[in-house]
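J.: Mind having a look at this structure? Questions to follow.
The values are calculated or read from the model by the stated rules, or taken from the named source; none is laboratory data. Nothing here was measured: the structure is a model prediction, and the numbers come from that model. Here the Cβ positions follow ideal geometry from the backbone for every residue, glycine too, while neighbour counts run over all protein chains shown.
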Amino acid sequence: MRNEMFLGSTVKANITRIEGNIVTRHIDIITTEEPLEIRIYHSGLTGMEHTSVAVTMRTTLNDYELAAGFLYSEGLIKGREEIRRIAYCADDDVDQHYNIVNVYLKSDILFDSSQLTRNFYTSSSCGICGKASLEALELRDYVKPSSDRPTVIAGIINELPATLRKSQKVFNKTGGIHAAGLFNADGELLAAREDVGRHNALDKLIGWGLLAGKIPFHENILVVSGRVSYEIIQKALSAGIPIVVAVGAPSSLAVDLANNFDMTLIGFVKSDVFNIYSGETRIIKSK
């Protein structure tokens, strides 16, 4: 298996800085963005076959987690027990070896390509765009989180974005990358992942949990560094996350989906204030 850390998450760029009438030359650090194709290798009528399921623009970190998390959050695999191995492309006639991740399913797993209800082309800023229909997601066999757990003290919610921010190593260098973090109910950061795309960052986090055998995240809190789209809630729901906290605003579809599945959705979190859009019963005002 090839080393997953083949590329850096940042690159250098020559820039010109204008400050009033002063012009200076500098070297800036910017976030890497590269395409990643995700392929599934599975048993077919003529032996092992492969299906290309997605191309996404991502930051070159945690590619195996991104592939596994994407397949799981989109319902294309049911668990890590279906995966035999994950590797970068080894074909000699392919130039972009490290921009293709192959996920090999076990031989007894039947992959139904009809599950691909949309062309999974995404971009780093794309959310729900390209879905065959919203109904296709809503019909998936999701399990509603428990309506009474976990409970979280309001003051802990206020602290979560700052805690996540401290863990953002790439953001500290570039100022231009999203993050998704998993916390327990006491506000302890369990894992964090970064990517130029907010939904990629979440897929990486879900992939980490999947490959480590930690999913579902029934007792945990998801914190995202930006806004919350429908797709963020859908992916959180697939991982069993009951509470989603965001620095920014939720969309109307995100609020609707959170309400439909009794999830707690919180936005505009600052050090002294936040908005609860659904699931208020999980938040307690004081100890």
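For every residue, the table says whether it meets (1) closer than 22 Å to S73 by Cα; (2) part of a strand (DSSP E or B); (3) not assigned by TED's automatic domain parsing to the domain that holds D186.
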residue: K235; (1), (2), (3): yes, no, no
residue: I241; (1), (2), (3): yes, no, no
residue: G248; (1), (2), (3): no, no, no
residue: L253; (1), (2), (3): yes, no, no
residue: N259; (1), (2), (3): yes, no, no
residue: D262; (1), (2), (3): yes, no, no
residue: I266; (1), (2), (3): yes, yes, no
residue: K270; (1), (2), (3): no, no, no
residue: V273; (1), (2), (3): no, no, no
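J.: Just for segment 192-214: of the residues that are of a type in the set (G, A, S) and over 12 Å from the mean Cα position of the chain (by Cα), which one is surrounded by the most Cβ atoms within 10 Å (Cβ to Cβ)?
T.: Looking at residues that are of a type in the set (G, A, S) and over 12 Å from the mean Cα position of the chain (by Cα), I get A212.
J.: Does segment 215-228 hold any residues that are farther than 21 Å from D148 by Cα, over 11 Å from the mean Cα position of the chain (by Cα) and surrounded by 22 or more Cβ atoms within 10 Å (Cβ to Cβ), and which are they?
T.: Result: V228, single match.
J.: In this structure, does S238 turn out to be out of contact with any Phe, Trp or Tyr (no Cβ under 9 Å at 6 or more places or on another chain) and of a type in the set (G, A, S)?
T.: So S238 fails the test.
J.: Exactly one condition in (1) surrounded by fewer than 17 Cβ atoms within 10 Å (Cβ to Cβ); (2) under 14 Å from N99 (Cβ atoms); (3) at pLDDT below 90; (4) not aromatic (F, W, Y) is false for S52; which is it?
T.: (3)
J.: When you go through (1) modelled with pLDDT of 75 or more; (2) in contact with a Gly (Cβ under 7 Å, 6 or more places away or on another chain) one by one for N119, which number turns out not to apply?
T.: Tallying (1) modelled with pLDDT of 75 or more; (2) in contact with a Gly (Cβ under 7 Å, 6 or more places away or on another chain), N119 fails exactly one: (1).
J.: Check K204, K285 and return the single one that is at pLDDT below 95 and of a type in the set (K, R).
T.: One residue alone meets the criteria, K285.
J.: Then there's this: Residues to consider are L164, L137, L160; find the one that is part of a helix (DSSP H, G or I) and modelled with pLDDT under 70.
T.: After ruling out the rest, the residue left standing is L137.
J.: Mind listing just one residue for me: the one in segment 25-47 that is among the hydrophobic types (A, V, I, L, M, F, W, C) and in contact with a strand residue (DSSP E or B) (Cβ under 6 Å, 6 or more places away or on another chain) and, of those, surrounded by the most Cβ atoms within 10 Å (Cβ to Cβ)?
T.: Ranking the qualifying residues of segment 25-47, first place goes to I38.
J.: List pairs: first in segment 90-110 and part of a loop (DSSP other than H, G, I, E, B) and modelled with pLDDT of 90 or more, second surrounded by fewer than 16 Cβ atoms within 10 Å (Cβ to Cβ) and among the hydroxyl-bearing types (S, T, Y), Cβ under 7 Å, 6+ apart or cross-chain?
T.: These pairs meet every condition: S107/S43.
J.: Output the number of the condition that A13 fails; it satisfies all remaining conditions of (1) under 27 Å from G240 (Cβ atoms); (2) modelled with pLDDT of 90 or more; (3) over 24 Å from the mean Cα position of the chain (by Cα).
T.: Only one criterion in (1) under 27 Å from G240 (Cβ atoms); (2) modelled with pLDDT of 90 or more; (3) over 24 Å from the mean Cα position of the chain (by Cα) is unmet by A13, namely (1).
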